[in-house]
Amino acid sequence: YAHIEDTEARTAFIRGEVYSALKLGVGRFSEELERSGKAQELEAAVGEYAEVVQALNRAPDYGAGVWRPSPNYSSRGGYKPQLVVIHTCEGAYSGCWGWLSNPRAGASAHYVVNTTGTEVSQLVREADRAWHVAADYQCSRNGGQLCSRNGIGTNSISVGIEHAGYASQGSWPAGQIDASARLVCNITKDWGIARDRYHIVGHGQLQPWNRTDPGRNWPWTSYLQKINAACGAGSTPAPS
């Protein structure tokens, strides 16, 4: 139904998207399946499988995350992360990381955050270059900051975070924003990245001709406040 090729992603879709919807009362098991007793048996089996996978695959750079490595990455070419780029999946969580871990995608991100904030997948190590922004960096799109990096591929100097959902949506779940803020705090601490709107940026800001994510309703002000609160400090100075 979801057209997800990856087996683990397909299982996670059932557990994370389908069953969570059922628990909220959106749809239901068929009467035949309920009478057979197989609905509960199937839900338990899928849940147990996913929990085992999660326990065995801790993310290398973020202890709270799940490691689901993508083959779609390359070397940073000697550069270090100086930006965090915020993306939206334009779809559901499992399909997002499932596709970005597929070699046919030709794209990736370092992280994907689910809708509720209960799970974060890491696909690419932060020291490596994920393929998430198809544009060279230009400081004119970013308040005249980091102009010495003009002409360098944005992917070489950034960490990319995808978020389940759509750039067009009117609001963002509190749990997802909180989880993303904790993740960004961790990244900025590890790499000495300033926690402000010039170093934590939207994809559409850097590639405006064909991208708008995370969209006009992304809560930038409260998001940055949550990031700084998670780090227990104000915005950091830009790294030298």
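Here are the numbers for this structure:
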| item | result |
| --- | --- |
| Cα-Cα pairs of region 54-210 separated by more than 21 Å (percent) | 40 |
| Accessible surface ranking that places the most exposed of GLU90, GLU162 first, with a 1.4 angstrom probe | GLU90, GLU162 |
| Region 77-138 - accessible surface per residue (Å², probe 1.4 Å) | 34 |
| Accessible area of CYS185 in the full protein assembly, 1.4 Å probe (Å², nearest 10) | 10 |
| Convex hull (Cα only) mean projected area of region 90-162, reported in nm² to one decimal | 5.7 |
| Area accessible to solvent at SER171, 1.4 Å probe radius, in Å² | 80 |
| Computed lengthening from CYS139 to ARG104, 0.36 nm per intervening residue step minus Cα-Cα distance | 9.5 nm |
| Stretchable slack from ARG216 to THR116, in nm (0.36 nm times residue separation minus alpha-carbon distance) | 34.0 nm |
| Solvent exposure, largest accessible area first (probe 1.4 Å, DNA, RNA and ligands not counted), of LYS189, LYS226 | LYS189, LYS226 |
| With every protein chain in place, region 119-173: carbon and sulfur % of accessible area (1.4 Å) | 43 |
| J(HN,Hα) series, region 210-221, from Karplus relation 6.51 cos²θ - 1.76 cosθ + 1.60, nearest Hz, glycine and proline x | 8, 9, 10, 5, x, x, 6, 9, 5, x, 4, 4 |
| Rounded to the nearest 10 Å², the accessible area of ARG149 at probe 1.4 Å | 70 |
| Inter-label distance for GLN225 and ASP178, nm, one decimal - labels placed 7 Å from Cα along Cα-to-Cβ | 1.5 |
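The values are calculated or read from the model by the stated rules, or taken from the named source; none is laboratory data. Since the structure is predicted, the reported quantities are computational estimates derived from the model, not experimental observations. Please note: Cβ atoms are built from the backbone with ideal geometry, for glycine as well, and neighbour counts cover all protein chains shown. Heavy atoms of the whole protein, side chains included, go into the accessibility calculation; ligands, DNA and RNA do not. Shrake-Rupley method; radii C 1.70, N 1.55, O 1.52, S 1.80 Å.
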